[in-house]
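Please read through the structure below; I'll follow up with questions.
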Amino acid sequence: MNIEMQSCGLLMMIILLVVIIREKSLDLGRRKKYFDTMLACTVCLAMDILSVIGITYASRGMIPSLVAFAVCKLYLVFLINVGYRGLIYTAGEFLKEKAYRKLRNIYRVIFIPGVILILVLPINYFCQGRVVYSYGPSTISTYSMAVILLVSTVLITLIKGKDTSKRRKRVIILWQVCWIVAAFIQFMRPELLVVSFAASFGIVLVYAELENPNEGIDRLTGQFNSSALHTYLNDRYSRGIPFSAMHVSIDYGAGEFDLELEQKAMRQIADFLDNDRKSYIFKESDRDFVAIYNDQNKMQSEYERASAEMKDSVGLPINVNYTLLPDSSIFENGDEFMQFQHYNVKNINSSDCTVAGKELAEEMRDYLRIRDQISWAIANDGVEVYYQPIYDVENDEFNTAEALMRIHDSEGNIVMPGRFIPIAEENGLIIPLGIEVFKQVCRFLSGGTLQKLGIRYIEVNLSMAQFNEKDPASFVQRIMDEYHIDPSWINLEITETADPITRQVVLKNMQTLIDRGVHFSLDDFGTGRSNFDYFVAMPISIVKFDYSMTHWYCDSAKARDVIESIVGMLNRMDLPIVMEGVETKEELDTMIGLGAAYIQGFYFSKPLPEEEFISFLKERQS
Ligand code: C2E
Ligand code: CA
Ligand code: CA
């Protein structure tokens, strides 16, 4: 009997079925569609074999023709079912979830009447030696349906697959071509029954190229890798299936372990987390795991188990930080979820366990928005320097000013430093920002107008992050040289740092610049960021009292005593004081009475853009 090809195909499908059922894989929508196609193909091959047997026996009069007709029709129905499943798989690959659902509904409307037609229309069979086939209206309607499905699949791949990887497109086209060529061969040589074999061959090809889950497995731990996590998250979010997740971040602390020990620990942690078949464990990076659960209770109980027992199951003194995400829907998509993992590790890793809710998600979005605004401003000339005039009490004039940075976002709004400086300091963007500010100040000074209007120097803020670089003094010197700036026109404002090592670096850099003629002010005195020992140890020329000191002084008698003695001490050290945040005439008089050498505050002026600052100075001179 002519069933060799189909039997080979069936055997191939059964082997593949066993492999797929046994292997470790993610519960992805795509995977399910693939499995459905494969199952349909297996049944189709079985029906193909049965139909050949049926026709052969019926033509010898050994069974009633009706039985052979019935088996042939079932084979035809399962054949177009394979075509339909293939189309659904392809559509799922290349279309967005909404478009996919729409298309699936349209094809269901075509598919169901097609099946009814095949079942009700008459069918005949032919059997002579190895040439066995069915024909008649039922067969013609099958072929018509098959053509519609094949052409649709190829068109979807060509049109909608434009933006996806070439490899995916190529494999699916190859699968369809296998079918078309096989159908042509079978049409020309009816004794070669290759159509269903070609379908199964295509399915094996798709498995090897696209569905082989080993690509998503991390070799070290045997768990899923970060690329599988990406695929999984996109699948969950696009299908709108919520989940709970636990992010486990391993910190080896100060201990330096060799790679082998760390790898062993990672394997142990992976085994520990992989507690049941209902959750998925992903090794996200060398020190992070993400475990995904179907429900919140499961996540909670796994967290409790892990926090109580995991450290003991690993032979190293590790620290473990957990972030629990009870409800994945606080994020809009997989990308946000991933961004959160990185945001979280960097920013809130201080506590052992964080529960991520809507607020934290919003906080992250805010952080990312501002980070993007900073990057946008750096790339698009969106950094601007404002100048706040500083009043010299003794000479009754405005002879200095503080440079204060603003950035413009892509919509033209001004973002204030309170919003963006902490974020810029966290991710290093303060370095290019600081350089830009310093350049603008030097450019402004190099014009000479400021000096003509009585400005002696400009105060420029410097973050510790800028001063903790390998050679921070060099950018200051380079830009000053570029604009031919007299170093005495610059006064750098620094704040205190608690870390003694950083302090050493800062001191070294300060000295380099001081030797060149730059001066330093100690900023924010009185905020807890500045201590007495700081102005004793550091070579500073001016102390700037934070605006909170002005308010304390005016509001509390006790604070008044303390502040007066500090001012007395600074005067004895010959360190002039700048009082910041002076807003009223009353505060001004009080601060002058206290012995402030300089006054800075809204009472005189808010920080002003370059031109307005020039106008302010001109007005004061006239
Ligand atoms: P800061 O160095 O203490 O700067 C003084 C801040 O007080 C400025 O806020 C200024 O507008 C504000 N201010 C001045 N007078 C008054 C007043 O009378 N009342 C009140 N309520 N506030 C007053 P701004 O411009 O928002 O800057 C905030 C902080 O951002 C600065 O505090 C500084 O730490 C940082 N910053 C600003 N520009 C730069 C920069 O170029 N580089 C670095 N690293 N940090 C900067
Ligand atoms: Ca300042
Ligand atoms: Ca200040």
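Every read-out reported here was derived from the displayed coordinates using simple, explicitly stated rules and does not represent laboratory data. Quick caveat, the model's predicted, so the values are computed rather than measured. Cβ sites come from the backbone with ideal geometry, for glycine too, and all protein chains shown count toward neighbours.
Calculate the length of the line joining the C-alpha centroid of region 143-192 to that of region 371-385, in whole Å.
Here the two parts' Cα centres lie 50 Å apart.
While we're here: If you take every DSSP beta bridge fully contained in the chain, what fraction is antiparallel? Give it as a percent rounded to 5.
Of all bridge pairs located within the chain, approximately 60 percent are antiparallel.
Apply 1/(1 + (r/R0)^6) to the Cβ-Cβ distance of N214 and E363, taking R0 = 45 Å, and write down the FRET efficiency to the nearest 0.05.
E(calc), rounded to 0.05, equals 0.75.
Continuing with the same structure: Tell me, how many Å apart are the Cα centres for region 534-565 and for region 391-461?
24 Å
Among all the lysines, which ones have a C-alpha under 18 Å from K544's C-alpha, if same-chain residues fewer than 8 places away are not counted?
K606
Separate question: Amide H of E402: which non-local residues (sequence gap of 5 or more, or other chain) have their own amide H closer than 5 Å, using H built in the peptide plane?
The answer is Q388, I390, E459.
Which lysines, on any chain, are close to K169 with Cα under 18 Å apart, when same-chain ones fewer than 8 places away are left out?
Once the sequence-local lysines are set aside, what remains near K169 is K33, K96, K160.
Y603 to S541: extension gain in nm, 0.36 nm per residue of separation minus the Cα-Cα distance?
Full extension from Y603 to S541 adds 19.9 nm.
Only counting other Cβ atoms within 10 Å, I'd like F532, F337 sorted with the fewest neighbours first.
Going from sparsest to densest Cβ surroundings: F532, F337.
Also, quick follow-up: Quick one: length gained pulling S238 to D589 fully straight, 0.36 nm per residue minus the C-alpha distance?
Once the chain is fully extended between S238 and D589, it gains 119.9 nm.
Within a 10 angstrom radius of the beta carbon, how do Y343, Y457 rank from fewest other beta carbons to most?
Y343, Y457
Alpha carbons only, please: Rg and Dmax for region 512-577, in angstrom.
When restricted to the Cα atoms of region 512-577, Rg and Dmax are 12.8, 43 Å.
Can you give the FRET efficiency to the nearest 0.05 for Y252 and N105, using r as the Cβ-Cβ distance and R₀ = 41 Å?
So the FRET efficiency works out to roughly 0.20.
Follow-up question, since we're still on this one. Need one word for region 369-437: rounded, prolate or oblate. Basis is the Cα gyration tensor (sqrt eigenvalues a ≥ b ≥ c); a/c below 1.5 gives rounded, then a/b vs b/c decides.
prolate
Also: F602's amide H: which non-local residues (gap 5+, or another chain) put their own amide H closer than 5 Å, with H modeled 1.01 Å from N in plane and none for Pro or chain starts?
So F602 has HN proximity to G581, V582.
Nearest 0.05, what FRET efficiency do I112 and S65 give at R0 = 35 Å with Cβ-Cβ as r?
0.80
Among I140, I330, I118, I414, rank each residue by its count of other Cβ atoms within 10 Å, from fewest to most, as a rough exposure measure.
So the ranking, lowest neighbour count to highest, is I414, I140, I330, I118.
From the mean inverse distance of alpha carbon pairs (Kirkwood) and the Cα radius of gyration, derive Rg over Rh for the chain.
Rounded to two decimals, Rg/Rh equals 1.21.
Just to confirm a number: summing +1 for Lys and Arg and -1 for Asp and Glu over residues other than L210 whose beta-carbon lies under 11 angstrom from that of L210, what do you get?
Charge balance near L210 sits at +2.
For region 228-284, take the convex hull of the Cα atoms, compute a quarter of its surface area, and give me that in nm², please.
One quarter of the hull surface, i.e. the mean projection, equals 4.9 nm².
List the relative contact order of region 517-622 as a percent without decimals, with contacts defined as Cα pairs under 8 Å and 6+ residues apart.
Over region 517-622, the number comes to 21 percent.
A follow-up question, please. Show me, bin by bin at 5 Å from 0, the whole-percent P(r) of region 1-107 based on Cα pairs.
Calculated over all Cα pairs of region 1-107, the distribution is 2, 12, 16, 18, 16, 13, 10, 6, 4, 2, 0 percent.
Hey, another quick one. Within straight cross-link reach of K298, meaning Cα distance under 12 Å, which aspartates and glutamates are found once same-chain residues fewer than 8 apart are removed?
Those aspartates and glutamates meeting the cut-off are D276.
How much length, in nm to one decimal, is gained on full extension between Q339 and V120, taken as 0.36 nm per residue of separation minus their Cα-Cα distance?
73.2 nm
On a C-alpha basis, how far is the centre of region 13-52 from the centre of region 581-610 in Å? Whole number, if you could?
Rounded to whole Å, the Cα centres lie 80 Å apart.
Right, another one. Decide, for region 391-542, between rounded, prolate and oblate: order the square roots of the alpha carbon gyration tensor eigenvalues as a ≥ b ≥ c, take rounded if a/c falls under 1.5, and otherwise choose prolate if a/b is larger than b/c, else oblate.
Cα axes put region 391-542 in the rounded bin.
I've got another one for you. Can you give the Rg to Rh ratio of region 46-95, both from alpha-carbon atoms, with Rh computed by the Kirkwood formula?
1.26
Below 8 Å between Cα atoms, with a sequence gap of 6+, how large is the relative contact order for the chain in percent?
Value for the chain: 8 percent.
For the chain, what does -39500 (n - 2.57) per DSSP helix run (n ≥ 4), summed and divided by total residues, give at 222 nm, in deg cm²/dmol to the nearest 500?
-19500 deg cm²/dmol
Also, quick follow-up: How large is the dipole of the chain about the Cα centre if only Lys and Arg carry +1 and Asp and Glu carry -1, each at its Cβ, rounded to the nearest 20 debye?
Magnitude of the dipole: close to 5060 debye.
So, one more: What helices in the chain pass both tests, a Cα length along the helix axis of 18 Å or more and a mean Kyte hydropathy of -0.5 or higher, using whole DSSP H runs?
Qualifying helices: 4-22, 29-59, 65-94, 97-120, 137-160, 166-188, 259-273, 430-446, 500-516, 557-572.
Give me the net charge of M579's neighbourhood, meaning all other residues with Cβ under 9 Å from the Cβ of M579; Lys, Arg count +1, Asp, Glu -1.
With Lys, Arg at +1 and Asp, Glu at -1, the neighbours total -1.
Count the net charge of all other residues whose Cβ sits under 11 Å from the Cβ of Y293, scoring Lys and Arg as +1 and Asp and Glu as -1.
So the surrounding residues net to -1.
Further question on the same structure: How many percent of all Cα-Cα pairs in region 99-177 sit more than 16 Å apart?
Counting pairs separated by more than 16 Å, the tail of P(r) holds 64 percent.
What shape does region 291-436 have by the C-alpha gyration tensor, where a ≥ b ≥ c are the square roots of the eigenvalues, rounded means a/c under 1.5, and otherwise prolate means a/b greater than b/c and oblate the rest?
Here region 291-436 falls in the prolate category.
Over region 308-458, what relative contact order in percent results from Cα pairs under 8 Å that are six or more residues apart?
In percent, rounded to a whole number, it is 18.
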